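A.B. asks: Pasting in a structure now, in structure tokens, and then I'll have a few things to ask.
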Amino acid sequence: MNSTMKRSIQRAGDRYHNDHGWLKTSFSFSFADYYDPDNMHFSSLRVLNDDHIAPGTGFDLHPHKNMEIVTVVLKGELEHQDSTGNREIIVPGQIQRMSAGTGIYHGEANASSSEPLELLQLWFMPERLGITPSYETHTYGLESIQNRLLPVASNHAKELGTAHIHQDMTMYLGHFQDGEEVTIEQRPNRSLYIFVMEGEVGFEDGEMLNRRDAARIENAGSLTLQFKPGTHVMVIDLP
């Protein structure tokens with residue numbers, strides 16, 4: 001482990017939780033009626049909401065501005081519509097990227113009348129303000145993240161074959177069905193965010209992340225992670 005590395009762990013139970021009946025949600029950062037001046041963002045990552053949406057319910061059209069929004073569907077079917085005319089269904093194996101830029105309205109709903117919907121929605125501060133609003137769905141395929149960390153959103157979209165995001169960052173997803181040890185080599189003066197959807201992630205010093213735990217790391221350098229069998233994880237390289 002890099003001696004200059006700084007690591008902070010947020011346990012799943014330490015997040016802000018709210019139960020609206022149709023929506024059960026957990027906020028990793030200050031959002032809506034949860035405000036903590038010491039937990040506003042990590043690098044350019046501003047919001048990470050863990051939403052469980054009941055069948056046949058959802059969010060009506062509402063506005064966003066000057067934010068890069070990425071939605072990862074974990075279970076179920078997400079129906080998306082927005083003011084630029086997009087309307088589609090997003091399922092596991094796909095992510096949605098929306099640049100709110102100068103302003104956009106969108107709505108999100110559980111497309112099923114019987115099955116629950118689980119998703120992660122992340123907001124990133126953009127590299128510049130006033131971007132023309134845009135939207136894309138990127139299909140990576142669940143089979144392609146087996147026992148590897150696959151880039152799915154990046155500002156190097158053409159080279160990596162990912163969704164394009166207007167920030168100097170790359171999001172990776174991995175599902176380690178058999179367990180695996182992976183070493184990440186990160187450039188100097190970068191940040192790393194790790195979020196465990198399912199399973200367990202171990203560090204070299206014995207520290208463990210469990211289901212829905214997260215780690216915020218600065219100056220990771222060379223970092224080896226042990227993924228226990230069945231672990232589903234998101235890793236984000238940030239400025």
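A.B. asks: Does N210 count as out of contact with any Cys (no Cβ under 8 Å at 6 or more places or on another chain) and under 28 Å from D82 (Cβ atoms)?
C.D. replies: Here the answer is no, as N210 does not meet what is asked.
A.B. asks: Next question, about the same structure. Have a look at I131, I165, I184, I217 and point out the one that is touching a strand residue (DSSP E or B) at 6+ places or on another chain (Cβ under 6 Å) and under 22 Å from L74 (Cα atoms).
C.D. replies: Just one listed residue meets the conditions, I165.
A.B. asks: Which residue, of L192, L149, L160, L142, is open to solvent by 50 Å² or more (accessible area, probe 1.4 Å) and over 26 Å from I53 (Cα atoms)?
C.D. replies: Details: L192 fails: open to solvent by 50 Å² or more (accessible area, probe 1.4 Å); L149 fails: open to solvent by 50 Å² or more (accessible area, probe 1.4 Å); L142 fails: over 26 Å from I53 (Cα atoms).
Of the residues listed, the single one that is open to solvent by 50 Å² or more (accessible area, probe 1.4 Å) and over 26 Å from I53 (Cα atoms) is L160.
A.B. asks: Then there's this: Which pairs turn up if I take residues in region 122-148 that are touching a residue at least 12 places away in the same chain (Cβ under 8 Å) and look for partners that are among the acidic types (D, E) and open to solvent by 40 Å² or more (accessible area, probe 1.4 Å) with beta carbon separation below 6 Å, at least 6 apart in sequence or on another chain?
C.D. replies: Partner pairs satisfying both residue conditions: N147/E180.
A.B. asks: Let me ask you something else. Kindly establish whether D60 is at negative phi, part of a strand (DSSP E or B), in contact (Cβ under 8 Å) with a residue 40 or more places away in the chain and in contact with a helix residue (DSSP H, G or I) (Cβ under 9 Å, 6 or more places away or on another chain).
C.D. replies: no
A.B. asks: Next question. Among G56, G107, G101, which is the only one that is more than 18 Å from the chain's Cα centre (by Cα), over 24 Å from T170 (Cα atoms) and open to solvent by less than 10 Å² (accessible area, probe 1.4 Å)? Full working, then the answer.
C.D. replies: Details: G56 fails: open to solvent by less than 10 Å² (accessible area, probe 1.4 Å); G101 fails: over 24 Å from T170 (Cα atoms).
Going through G56, G107, G101 in turn, the sole match is G107.
A.B. asks: Moving to a separate point now. Of the residues that sit in region 18-50 and are without any contact (Cβ under 8 Å) to a residue 24 or more places away in the chain and part of a strand (DSSP E or B), which one is surrounded by the fewest Cβ atoms within 10 Å (Cβ to Cβ)?
C.D. replies: Only one residue tops the list, namely D19.
The values are calculated or read from the model by the stated rules, or taken from the named source; none is laboratory data. Just so it is clear, the model here is predicted, and its values are computed rather than measured. No Cβ is skipped: glycine too gets one built from the backbone with ideal geometry, and neighbour counts run over all protein chains shown. What goes into the accessible areas is simple: the full protein's heavy atoms, side chains included, and nothing from ligands, DNA or RNA. Shrake-Rupley method; radii C 1.70, N 1.55, O 1.52, S 1.80 Å.
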